[in-house]
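What follows is one structure encoded as structure tokens, with my remarks underneath.
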Amino acid sequence: MYSVLKFGGSSVASATNISRVLDIVEKEAAKGRVILVSSAISGCTDALLSGDREQFRDMERRHGDIVKRLFTGADREALQNRLDALFLQMREAPAAEQVTYGEIFSTTILAAKLATEGYKTEWLDSRELVVKGDEPLTYRRIREALQASRADVFVAPGFICRNAAGGVDTLGRGGSDYSAALYAAAVKARSLQIWTDVPGIMTANPRQVPAARTIPRMSYEAALDMASHGAKVLYAPTVAPAMAAGIDIEIRNTFAPEGKCTLIGNCPDASRWIGVASEGNVIRLVGARLPGIGGEDARETAGNALREAGIAALGMTADGPSLDIEVKPAVLDQALRALHRVFFQEMPVTEVNLFVAGDGAVSRALQQMVRESAQAVRERTGKQLRIVGLANSREYGTDLGGNPVIGKKGDYIQAVLETAPKGSLFVDATDSETLYLRYPELLQAGIGIVSSNRRSFAGSYADFAAIHLCARENGVPLRYETTVGAALPILESIARGANSCDEVLSIEAVVSCTLNQILSGYRPGGASFASLVRRAQESGLTEPDPRLDLGGRDALRKLLILAREAGIPLEESDVKVRPIVPETLLQGSLPQFYEGLEAYESQWASEALEAERQGFRRRFVASLEKTEGGYVAGIGLKNVPPVHPAYYLRGTENAIIVRSAFHPYPLVIQGPGEGAREAASSILNDILR
Ligand code: ADP
Ligand code: ASP
Ligand code: MG
């Protein structure tokens with residue numbers, strides 16, 4: 001039984017390296033006959049191709065140095081004479097044949113060394129055995145040569161051969177790998193080993209992509225795809241003869257013989273993407289052959305990865321399971337690294353387990369968003385989001401596998417406390433008045449809280465402060481950006497000022513979406529105020545009882561949260577609320593309320609007309625202002641002039657105007673202030689913060 005071991009140019013480039021080769025051969029020779037195929041020492045083929053005398057002399061010196069280090073006495077002298085003769089022959093050879101001498105020099109040294117080590121060694125002349133383009137003839141000649149010999153270790157030059165016309169020729173640059181495969185196929189070798197200077201075929205050329213890693217096992221097809229598109233670690237024609245003979249190809253590192261390596265064989269590939277190779281300015285993302293799957297799959301991810309790296313792809317073409325990507329030559333390495341990063345470098349992933357409370361529109365939008373964006377979020381942030389608990393006000397379900405189903409009766413919070421893995425978050429998407437009483441239990445158990453429930457933060461200031469203290473003491477997050485202005489970054493902006501010693505002088509918040517909608521839709525003489533309220537109620541924009549909106553309750557909660565975020569311990573009793581319509585209308589039954597509101601229309605219309613005449617628009621404003629005697633807070637209708645940011649609000653838009661000590665001009669945040677998707681995306685941001 002034969003083993004074929006091929007050593008590349010750097011493996012035989014010095015006496016030290018050759019002694020590593022000898023160690024490797026020694027182990028293999030213990031198992032059976034060995035055919036050692038070698039390249040020329042590194043740089044030699046290029047030097048011979050150059051035809052430059054100075055470079056020839058340099059090569060002669062390098063070979064002489066190796067001989068001096070590896071041999072002594074008569075052995076050294078005999079070998080040096082032999083090499084001198086070969087160099088002379090090379091210099092006198094026709095220019096086209098000079099390139100074939102590199103492998104002859106290196107294998108002459110190797111064969112001599114093995115012989116002095118005591119192996120029965122024979123040098124095989126590949127020029128007589130390997131016939132370019134005729135594998136059957138090549139195999140026959142190799143077998144005959146081996147059968148006629150009594151040697152244990154054969155040494156054959158790679159790369160060189162004879163062509164059909166009978167002239168000395170080569171198998172092409174990098175061709176020694178192919179020579180080895182031909183020797184292996186000829187004798188049905190039990191092992192074909194390509195020894196080189198890297199630990200196998202890697203997910204990218206490690207010289208271009210330092211993060212490249214070894215591919216432990218791959219199919220012949222995948223190896224061929226890599227090799228024929230620029231991964232020069234393996235010469236592409238090597239694959240076919242090995243595959244036809246059913247011989248696995250091992251790619252090993254001469255400089256770490258026991259380390260990682262690649263085994264190429266008749267096996268399925270372990271993953272969808274194999275590696276990236278490049279030739280010229282075309283990068284090939286090599287894919288595994290799977291039925292019905294094409295390189296198209298990678299188009300979007302590849303495009304995004306390049307774009308994020310600031311690179312434009314000049315073109316993309318799918319080819320079977322692989323994708324070719326053309327880029328400008330100047331950005332090739334950068335592009336390779338960007339593509340390698342998304343397709344082959346797993347970021348460390350942190351699991352974020354979410355226990356969600358509430359089954360309303362916001363909760364449903366959040367669930368959908370997590371489902372749809374989990375992968376993108378993972379790629380961007382390294383966080384793997386999973387909903388592991390769901391609950392409505394009566395029942396709950398938990399499942400650490402990520403598929404909770406509501407159906408159990410009992411105490412959801414208790415179940416969360418019992419099952420939550422470290423780093424879990426509790427998401428309060430309810431409008432419960434009392435759930436916040438359980439926050440401290442969760443926080444103490446190390447479970448962070450993300451809440452869109454403004455009732456939780458608009459109770460007494462003492463409760464508000466206690467929840468914060470609890471979160472801080474336990475080192476867990478407590479976030480509720482969604483409670484004011486949905487997805488607008490309002491609380492964050494106010495907290496930034498407060499945290500950096502800026503002092504809030506005033507806040508004006510036009511934050512009641514319902515009232516904004518009704519007020520901005522009202523025209524004197526058009527639809528009555530009452531009918532606009534009714535329409536808002538019917539479209540679900542108001543609380544079930546719209547009087548809660550008209551009474552300013554919702555705006556009050558938001559103002560409390562805004563003030564507290566700015567470090568002002570505002571209490572409900574500090575806020576003067578002027579309802580939008582007289583108190584008396586807000587009492588009694590709902591039909592009575594609408595009746596009263598219709599009757600109130602003429603007064604409402606005349607007030608609106610008067611405001612319009614003076615150039616104002618009416619807005620429902622929650623405000624807080626620093627005065628000599630402390631902060632004064634109020635909520636009510638206000639006439640705003642065109643210079644006021646709230647003048648131009650449309651529909652359910654919100655506007656917050658914050659004046660502070662540091663700045664002569666206010667901070668204005670304006671934009672969509674409501675909507676289930678907006679709220680869900682704000683919760684998601686809090687989760688990821
Ligand atoms: P040898 O002289 O041993 O035949 P080569 O220089 O021909 O070695 O091939 C090895 C080189 O191939 C490595 O040094 C590496 O720079 C390059 N290479 C390109 N693509 C890859 C890849 N995907 N995995 C490993 N090496 C690669
Ligand atoms: N020495 C040849 C070359 O440099 C063949 C080989 O190394 O495989 O191309
Ligand atoms: Mg090579």
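The values are calculated or read from the model by the stated rules, or taken from the named source; none is laboratory data. None of the values given here were measured: they were computed from a predicted structure. Using ideal geometry, Cβ is built from the backbone for each residue, glycine included, and neighbour counts are taken over all protein chains shown. We work out accessible area using only protein heavy atoms, side chains counted, and drop any ligands, DNA or RNA first. Shrake-Rupley method; radii C 1.70, N 1.55, O 1.52, S 1.80 Å.
Here are the numbers for the structure shown:
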| read-out | value |
| --- | --- |
| Selection status of Gly32, of a type outside the set (Asp, Glu), farther than 21 Å from Arg127 by Cβ and within 16 Å of ligand 2 (Cβ to nearest atom) | no |
| Of all residues making up the range 291-308, the number that are open to solvent by less than 80 Å² (accessible area, probe 1.4 Å) and part of a loop (DSSP other than H, G, I, E, B) | 2 |
| Scan of the range 624-646 for residues that are more than 20 Å from Ser660 (Cα to Cα), in contact with a strand residue (DSSP E or B) (Cβ under 6 Å, 6 or more places away or on another chain) and surrounded by fewer than 16 Cβ atoms within 10 Å (Cβ to Cβ), ordered by number | none |
| Filter result for the condition that a residue is of a type in the set (Gly, Ala, Ser) and open to solvent by 80 Å² or more (accessible area, probe 1.4 Å), over Ala156, Ala165 | Ala165 |
| Residue within the range 216-227 that is more than 16 Å from ligand 2 (Cβ to nearest atom), within 28 Å of the chain's Cα centre (by Cα) and of a type in the set (Lys, Arg) present | yes |
| Residues that are in contact with a Pro (Cβ under 7 Å, 6 or more places away or on another chain) and either in a loop (DSSP other than H, G, I, E, B) or of a type in the set (A, V, I, L, M, F, W, C) (or both), drawn from the range 373-399 | Gly382, Ile387, Val388, Leu390 |
| Flag if Val282 is in contact with a strand residue (DSSP E or B) (Cβ under 8 Å, 6 or more places away or on another chain) and crowded, with 19+ Cβ neighbours inside 10 Å | no |
| Residue within the range 464-477 that is in contact with a strand residue (DSSP E or B) (Cβ under 7 Å, 6 or more places away or on another chain), assigned to a loop (DSSP other than H, G, I, E, B) and over 23 Å from Leu556 (Cα atoms) present | yes |
| Neighbours by Cβ (under 6 Å, 6+ apart or cross-chain): first from the range 116-131, closer than 17 Å to Ser106 by Cα; second open to solvent by 20 Å² or more (accessible area, probe 1.4 Å) and assigned to a strand (DSSP E or B) | Arg127/Arg162; Arg127/Val168 |
| Sole exception among (1) within 47 Å of the chain's Cα centre (by Cα); (2) part of a helix (DSSP H, G or I); (3) more than 16 Å from ligand 1 (Cβ to nearest atom) for Gly102, by number | (3) |
| Given (1) closer than 16 Å to Tyr119 by Cα; (2) within 16 Å of ligand 3 (Cβ to nearest atom), index of the condition Ala30 fails | (2) |
| Pairs with Cβ under 7 Å, 6+ apart, first in the range 232-249 and closer than 23 Å to Val276 by Cα and open to solvent by less than 40 Å² (accessible area, probe 1.4 Å), second away from ligand 2 (no atom under 16 Å from the Cβ) and among the β-branched types (Val, Ile, Thr) | Ile249/Ile264 |
| Matching residues, the range 309-357, being part of a loop (DSSP other than H, G, I, E, B) and touching a Lys or Arg at 6+ places or on another chain (Cβ under 9 Å) | Ala309, Ile311, Ala312, Ala313, Leu314, Gly320, Pro321, Gln345, Met347, Val349 |
| Residues that are aromatic (Phe, Trp, Tyr) and free of Cβ contacts under 8 Å to residues at least 24 places away in the same chain, drawn from the range 485-529 | none |
